[in-house]
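Peer 1: Quick one: the structure is below, and I'll ask about it shortly.
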Amino acid sequence: EAQVTQNPRYLITVTGKKLTVTCSQNMNHEYMSWYRQDPGLGLRQIYYSMNVEVTDKGDVPEGYKVSRKEKRNFPLILESPSPNQTSLYFCASSHIPGRYGYTFGSGTRLTVV
Amino acid sequence: KNQVEQSPQSLIILEGKNCTLQCNYTVSPFSNLRWYKQDTGRGPVSLTIMTFSENTKSNGRYTATLDADTKQSSLHITASQLSDSASYICVVSAEYGNKLVFGAGTILRVKS
């Protein structure tokens, strides 16, 4: 089944403790992206990658890192999480987002205390 | 500034009734417009996509319209079902397709 898999689904952590949210897709998509979703604000892009070893900042990249060493994986790294990074995170992939739309993962609900 | 605004913010309707959700955008250059359905706790799933030349697109009980002149789109849901309860997100593609601008969504609740 074609899908985007994120892990974990839920995570509670403490301020400053580094964490990684994994994302993997099995559709051979070139384009992958991370979004955060907060009430009333809609989805905001954190980082995106157009292909292996190519990453770019989205609209809200501060406090996040990503890497794209392989085509299928696009982990999101929070080096020193803070409470304002408490949010619902989605990974998404596509061949060409504007033409084909995104396939989204099921989301990761992160709480930083 | 590229923006997508949706209305209403939330809506409650009775099962079997119809409803219409609105989307206004100021995105340029326009590539296409897509409506997504997002069930609680899940990722968004695409319902319809429309390019500049299309003004109506249907997917079962969902019908989307697009007026590229006024930069408005609507999503009409016919004979609503409890399973239609979700957030509906309007997304406009800009800059030749790789820049997506998301609306904040309309939360629809269908009651029995």
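The values are calculated or read from the model by the stated rules, or taken from the named source; none is laboratory data. Just so it is clear, the model here is predicted, and its values are computed rather than measured. When we count neighbours, we look across all protein chains shown, and the Cβ atoms used for this are built from the backbone with ideal geometry, even at glycine.
Peer 1: Could you count how many residues in region B:1-50 are touching a Gly at 6+ places or on another chain (Cβ under 6 Å) and not in a strand (DSSP E or B)?
Peer 2: Final tally of qualifying residues: 1.
Peer 1: Here is a list of conditions, (1) surrounded by fewer than 14 Cβ atoms within 10 Å (Cβ to Cβ); (2) closer than 24 Å to residue B:33 by Cβ, and residue A:99 meets all of them except one; can you say which number that is?
Peer 2: Tallying (1) surrounded by fewer than 14 Cβ atoms within 10 Å (Cβ to Cβ); (2) closer than 24 Å to residue B:33 by Cβ, residue A:99 fails exactly one: (1).
Peer 1: Also, I was wondering about something else. Restricting the first residue to region B:63-77 and requiring it to be farther than 14 Å from residue B:20 by Cβ, which pairs with a second residue that is hydrophobic (A, V, I, L, M, F, W, C) and outside any strand (DSSP E or B) meet a Cβ separation below 6 Å and a spacing of at least six or different chains?
Peer 2: Close Cβ pairs (under 6 Å, with a partner that is hydrophobic (A, V, I, L, M, F, W, C) and outside any strand (DSSP E or B)) amount to B:68/B:52.
Peer 1: Any residue in region A:61-73 that is free of Cβ contacts under 8 Å to residues at least 24 places away in the same chain, on the phi < 0 side of the Ramachandran plot and outside any loop (DSSP other than H, G, I, E, B)?
Peer 2: yes
Peer 1: On to the next question. Kindly provide the set of residues from region A:18-57 that are of a type in the set (Gly, Ala, Ser) and farther than 27 Å from residue B:105 by Cβ, ordered by number.
Peer 2: Those that are of a type in the set (Gly, Ala, Ser) and farther than 27 Å from residue B:105 by Cβ: none in region A:18-57.
Peer 1: Checking the condition closer than 30 Å to residue A:6 by Cα, surrounded by 13 or more Cβ atoms within 10 Å (Cβ to Cβ) and either hydrophobic (A, V, I, L, M, F, W, C) or away from chain A (no Cβ under 11 Å) (or both), which residue from B:25, B:88 passes?
Peer 2: Of the residues listed, the single one that is closer than 30 Å to residue A:6 by Cα, surrounded by 13 or more Cβ atoms within 10 Å (Cβ to Cβ) and either hydrophobic (A, V, I, L, M, F, W, C) or away from chain A (no Cβ under 11 Å) (or both) is B:88.
Peer 1: Output the number of residues of region B:59-71 satisfying the condition of being part of a strand (DSSP E or B), surrounded by 12 or more Cβ atoms within 10 Å (Cβ to Cβ) and not aliphatic (A, V, I, L, M).
Peer 2: The qualifying residues number 4.
Peer 1: Which of the residues that make up region B:83-99 are under 18 Å from residue B:64 (Cα atoms) and part of a strand (DSSP E or B)?
Peer 2: Answer for region B:83-99, where residues must be under 18 Å from residue B:64 (Cα atoms) and part of a strand (DSSP E or B): B:86, B:87, B:88, B:89, B:90, B:91, B:92, B:93.
Peer 1: Would you mind stating whether residue A:56 is closer than 20 Å to residue A:98 by Cα and among the charged types (D, E, K, R)?
Peer 2: It is true that residue A:56 is closer than 20 Å to residue A:98 by Cα and among the charged types (D, E, K, R).
Peer 1: Do the conditions hold for residue B:9, that is, is it within 21 Å of residue A:41 (Cβ to Cβ), out of contact with any Phe, Trp or Tyr (no Cβ under 9 Å at 6 or more places or on another chain) and within 14 Å of chain A (Cβ to nearest Cβ)?
Peer 2: yes
Peer 1: Before we move on, is residue A:15 in contact (Cβ under 8 Å) with a residue 12 or more places away in the chain and within 11 Å of chain B (Cβ to nearest Cβ)?
Peer 2: No; evaluated as a whole, the condition is false for this residue.
Peer 1: What's the number of the only condition in (1) among the basic types (Lys, Arg); (2) surrounded by fewer than 16 Cβ atoms within 10 Å (Cβ to Cβ); (3) under 15 Å from the mean Cα position of the chain (by Cα) that residue A:36 fails to meet?
Peer 2: (2)
Peer 1: Turning to a different aspect of this structure: Count, please, the residues in region A:88-113 that happen to be touching a strand residue (DSSP E or B) at 6+ places or on another chain (Cβ under 7 Å) and among the basic types (Lys, Arg).
Peer 2: Of the residues in region A:88-113, 1 are touching a strand residue (DSSP E or B) at 6+ places or on another chain (Cβ under 7 Å) and among the basic types (Lys, Arg).
Peer 1: Within region B:72-82, identify whether any single residue is modelled with pLDDT of 95 or more, outside any strand (DSSP E or B) and in contact with a helix residue (DSSP H, G or I) (Cβ under 8 Å, 6 or more places away or on another chain), and answer yes or no.
Peer 2: Checking region B:72-82: not a single residue is modelled with pLDDT of 95 or more, outside any strand (DSSP E or B) and in contact with a helix residue (DSSP H, G or I) (Cβ under 8 Å, 6 or more places away or on another chain).
Peer 1: I need a count of the residues in region A:76-102 that are of a type outside the set (A, V, I, L, M), within 14 Å of chain B (Cβ to nearest Cβ), touching a Gly at 6+ places or on another chain (Cβ under 8 Å) and touching a residue at least 12 places away in the same chain (Cβ under 8 Å).
Peer 2: Looking only at that region, the number is 5.
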